[in-house]
Amino acid sequence: MIYHNLKTVFVEITKNASTSVKRTLLDRNDGVYPDHSTYDMLTSVAEGNGEDISGYYKFVISRNPYDRFCSGWEYMQVAMRWPMSFDETLDYLLSCDARANGQPISVLDENGDPVPEKLNRALDGQLQYWWDDAPPLIWPQTGFIKSESLNGDIAISNFFKIEEIDQKWPIIAAAINQLSGANVSSVLPVYNALPDRPDYTTYFEGELGAERIQKINTLFAEDFTTFGYETL
């Protein structure tokens with residue numbers, strides 16, 4: 001999301017408190033772009049509109065990869081009628097991962113027709129990511145902030161963990177206010193929380209849980225490293 005009045009770019013990773021942030025900033029924007037856009041998507045739209053966002057404050061909120069994957073999969077069951085079980089989903093993602101099966105990402109859709117964006121990227125020798133074939137709800141978090149203009153490096157350095165957001169939001173609000181002269185509240189309200197949701201650790205108990213841990217560690221290795229989360 002790009003907030004011109006606030007001189008701020010918030011790359012909203014799926015399942016990471018984006019609703020709370022957007023509702024806090026919404027009444028202060030004069031230029032907001034589609035939900036859950038990647039950094040590259042946002043910069044591309046801005047450039048196309050002749051907008052310079054190079055000096056804007058840019059931030060992202062991360063989440064423990066185990067917890068986020070469980071939350072994303074649970075939501076997919078309801079919102080998307082996702083047909084795969086928890087373990088089938090992990091195995092499907094591993095099958096999409098070129099590092100796991102040694103195969104390039106398919107540039108064809110389910111009907112065997114080329115997907116222009118993927119095909120062009122492949123022909124240009126640019127990066128291809130395994131999560132191109134996965135729902136955004138379970139993309140790795142780094143996938144939202146990698147930039148092909150930086151050869152796949154991370155484009156944003158202001159990371160804040162959702163687990164610490166009550167303490168960190170005043171830092172974010174102060175940075176926005178200092179740059180824009182706005183008066184964003186230092187308190188972030190909570191929206192879309194599910195109080196009855198089981199603790200994510202219940203997915204990782206016993207022998208089956210150990211197998212799941214290893215799969216998530218493989219798929220989201222960059223998330224653990226980039227955002228500073230410890231593996232189980």
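The values are calculated or read from the model by the stated rules, or taken from the named source; none is laboratory data. Fair warning: this is a prediction, and the values are worked out from it, not measured in the lab. Counting neighbours? That spans all protein chains shown, and the Cβs are built from the backbone with ideal geometry, glycine included. Side chains are part of the model used for accessible areas, which takes the heavy atoms of the whole protein and leaves out ligands, DNA and RNA. Shrake-Rupley method; radii C 1.70, N 1.55, O 1.52, S 1.80 Å.
Let's see how each residue does on (1) assigned to a helix (DSSP H, G or I); (2) of a type outside the set (A, V, I, L, M, F, W, C):
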{"position": "Phe160", "(1), (2)": "no, no"}
{"position": "Gln167", "(1), (2)": "yes, yes"}
{"position": "Asn177", "(1), (2)": "yes, yes"}
{"position": "Asn183", "(1), (2)": "no, yes"}
{"position": "Val187", "(1), (2)": "no, no"}
{"position": "Thr201", "(1), (2)": "yes, yes"}
{"position": "Gly209", "(1), (2)": "yes, yes"}
{"position": "Arg212", "(1), (2)": "yes, yes"}
{"position": "Ile216", "(1), (2)": "yes, no"}
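Going residue by residue through the range 86-97, is there one that turns out to be open to solvent by less than 40 Å² (accessible area, probe 1.4 Å), of a type in the set (A, V, I, L, M, F, W, C), modelled with pLDDT of 95 or more and assigned to a helix (DSSP H, G or I)? Yes, the range 86-97 contains a residue that is open to solvent by less than 40 Å² (accessible area, probe 1.4 Å), of a type in the set (A, V, I, L, M, F, W, C), modelled with pLDDT of 95 or more and assigned to a helix (DSSP H, G or I).
When residues in the range 168-179 are screened for being open to solvent by 60 Å² or more (accessible area, probe 1.4 Å) and over 21 Å from Gln141 (Cα atoms), 3 of them pass. Which members of the range 140-164 meet the condition of being buried (at least 16 other Cβ atoms within 10 Å of the Cβ) and of a type in the set (Ser, Thr, Tyr)? Selection gives Thr142, Ser147.
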